[in-house]
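One structure is given below, encoded as structure tokens.
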Amino acid sequence: MSNSDSSFDCIFCKIVKGKLPCFKVYEDKSFLAFLNVNPVNKGHVLIIPKKHYETILDMPNDALSQIILIVKKITKAILRIFNIDSCNIDINLGKEAGQIVPHVHIHIIPRFSSDEFKEWPTKQIPEEEMQEIANKIKNSL
């Protein structure tokens, strides 16, 4: 979904319009980055397009290219100021994947040696099923 009525109640659109405050770290004509008010760790940043798109699948390719360059720039700054060499860069796509706000946002989460969470939970999937899934994805591209 792009612009129209879905942006009306969007918390990120309200931040873009200045109707809600944020701790801004970056802004240009198309994108805004700010500290997450419910961070995983200190320095947790969200980068959003100013135009309302629900997911990255709705964004034009040129906007995706631009936002990833901003992610790279901000990530370098975060690593430098916290004197760390690890972070998570995350995009949640859809409710089941943890996307709480239906507006594209990329998380940059600084990671520290004292973090409790280190690995994603994993599953064992039979080799035959893995091959079937891989084939379906390839054939669907």
(request) Pop the C-beta distance of PHE23 and GLU116 into the FRET formula with R0 = 22 Å and round what comes out to the nearest 0.05. (result) 0.35
(message) If I compute Kirkwood radius over Cα pairs in Å from the structure I just sent, which labelled value in (1) 16.9; (2) 16.1; (3) 18.5 lines up?
(response) (1)
(message) Apply the a/c threshold of 1.5 to the C-alpha gyration tensor of the stretch 50-104 and tell me whether it is rounded, prolate or oblate.
(response) oblate
(request) Using a 10 angstrom cutoff on alpha carbons, build the Gaussian network for the chain and name the most mobile of SER114, SER86, SER30. (result) SER114
(request) Just give me a number: lysine pairs in the stretch 3-95, eight or more positions apart or cross-chain, with C-alpha atoms less than 20 Å apart. (result) 25
(request) Run the dipole for the stretch 5-140 about the Cα centre, Lys and Arg Cβ at +1, Asp and Glu Cβ at -1, nothing else charged, and hand back the magnitude in debye, nearest 20. (result) 800
(message) Within 14 Å, Cβ to Cβ, of THR75, how many net charges do the neighbouring residues add up to if Lys/Arg are +1 and Asp/Glu are -1?
(response) +3
(request) Would you mind calculating the relative contact order of the chain from Cα pairs under 8 angstrom and at least 6 residues apart, reporting the percent as a whole number? (result) 23
(request) Let me know the longest stretch in the chain that avoids all GluC sites (Glu not before Pro) found in a DSSP loop with at most 11 other C-beta atoms within 10 Å. (result) 1-115
(request) Mind listing the long-range amide H neighbours of HIS52? Cut-off is under 5 Å, sequence gap 5 or more, other chains count too, H placed in the peptide plane at 1.01 Å from N. (result) ASN3
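Read the figures in this text as sums done on the coordinates, not as results from a lab. Keep in mind the model is a prediction, meaning the values are calculated, not measured. All Cβ positions, even for glycine, are placed from backbone atoms using ideal geometry, and neighbour counts span all protein chains on display.
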